[in-house]
Structures are given as structure tokens and as C-alpha cells.
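Have a look at the structure below before the remarks.
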Amino acid sequence: QVHLVESGGGLVQAGGSLRLSCAASGNIFTINAMGWYRQTPGKQRELVAVLTSGGVGRPNYADSVKGRFTISRDNAKNTVYLQLNSLKPEDTAVYYCNAELQLFPRDSIRFSWGQGTQVTVSS
């Protein structure tokens, strides 16, 4: 069984910064991609940033966060980070970690989600 545990959310004033972490644990063969999504009440979960190709590929960001957020990954620790700078009230959401992974060779692709961490940006 795979677990993704997020940390680092909280309350911050507009213009401030936060750093989110997500650690994957369990019997994992390989993690192909790790990323962050966010969701606000009544809206669909949206992609914030993702690192593919085992963390070697170029990151993809939502247009709304380009230049402000930075995703990074520590493959040795199966951990992905999201640095949130220049935060805006519209960044307020529950942020979810996602991993695309395989539990053994030739396993089908599996997707695992964390429990979410709240980010609140006050104006």
C-alpha cells in the first residue's frame, strides 16, 4: 500500500511564501511523475505543477502560478516539494499531492493521492 503524506500548509498574508512537502512511502518500484493539484469548494481539482520523467523532465505549471511557484523533487526520498512565493488570495485552496507510480516491474500505472493540506492566503 502506498501513502502520500503532505505537510507545510497554513495561513499566510498575501505576498508571503510557503513550502509544501509530500513524501511517498510503501513498496514502490518506481515513481514516474509527482505533482500538485488544488481544489476550492464547488470547483474541480486543477493541476498546479507536475514533474514527469522521474523528475528529470521539465516541470509543467498552470499559467496562474508560473513565475511564482516552483516544484522540485528528491528521488532518493520519494518526496516532492512545492515552493509557493508571492502568494495571492486566489491561491487559497486545499493542495493535493499526486504520484504516478508502479509497484513492481511491468505493473500498470497507478495514481495515488495525498490527504490534502490547506493553504489560506489573507488579503
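The figures follow:
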| item | result |
| --- | --- |
| Top-ranked residue in region 53-71 [being open to solvent by less than 50 Å² (accessible area, probe 1.4 Å) and not in a strand (DSSP E or B); ranked as nearest to Arg110 (Cα to Cα)] | Gly54 |
| Per-region count, region 72-93, residues assigned to a loop (DSSP other than H, G, I, E, B) and small (Gly, Ala, Ser) | 1 |
| Tally, over region 9-32, of residues that are more than 11 Å from the chain's Cα centre (by Cα), closer than 16 Å to Val119 by Cα and not aliphatic (A, V, I, L, M) | 6 |
| Residues of region 101-123 classified as farther than 23 Å from Lys43 by Cβ and of a type outside the set (Ser, Thr, Tyr), total | 9 |
| Residue in region 37-53 that is in contact with a Lys or Arg (Cβ under 9 Å, 6 or more places away or on another chain) and modelled with pLDDT under 95 present | yes |
| Candidate set: region 84-110, residues that are of a type in the set (Phe, Trp, Tyr) and within 13 Å of the chain's Cα centre (by Cα); chosen: the one surrounded by the fewest Cβ atoms within 10 Å (Cβ to Cβ) | Tyr96 |
| Qualifying residues in region 33-51 (those that are open to solvent by 40 Å² or more (accessible area, probe 1.4 Å) and touching a residue at least 40 places away in the same chain (Cβ under 8 Å)) - the one farthest from the chain's Cα centre (by Cα) | Thr40 |
| Any hit, region 83-94, residues being at pLDDT below 95 and among the β-branched types (Val, Ile, Thr) | no |
| Any chance Leu4 is closer than 13 Å to Gly116 by Cα and either among the aliphatic types (A, V, I, L, M) or surrounded by 15 or more Cβ atoms within 10 Å (Cβ to Cβ) (or both) | yes |
| Ser108 over 19 Å from Ala33 (Cβ atoms) and small (Gly, Ala, Ser) | no |
| Residue list for region 7-16, filter: within 17 Å of Val80 (Cβ to Cβ) and open to solvent by 40 Å² or more (accessible area, probe 1.4 Å) | Ser7 |
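The values are calculated or read from the model by the stated rules, or taken from the named source; none is laboratory data. Quantities reported herein were computed from a predicted structural model and do not represent experimental measurements. Cβ sites come from the backbone with ideal geometry, for glycine too, and all protein chains shown count toward neighbours. Accessible surface areas use protein heavy atoms only, side chains included; no ligands, DNA or RNA. Shrake-Rupley method; radii C 1.70, N 1.55, O 1.52, S 1.80 Å.
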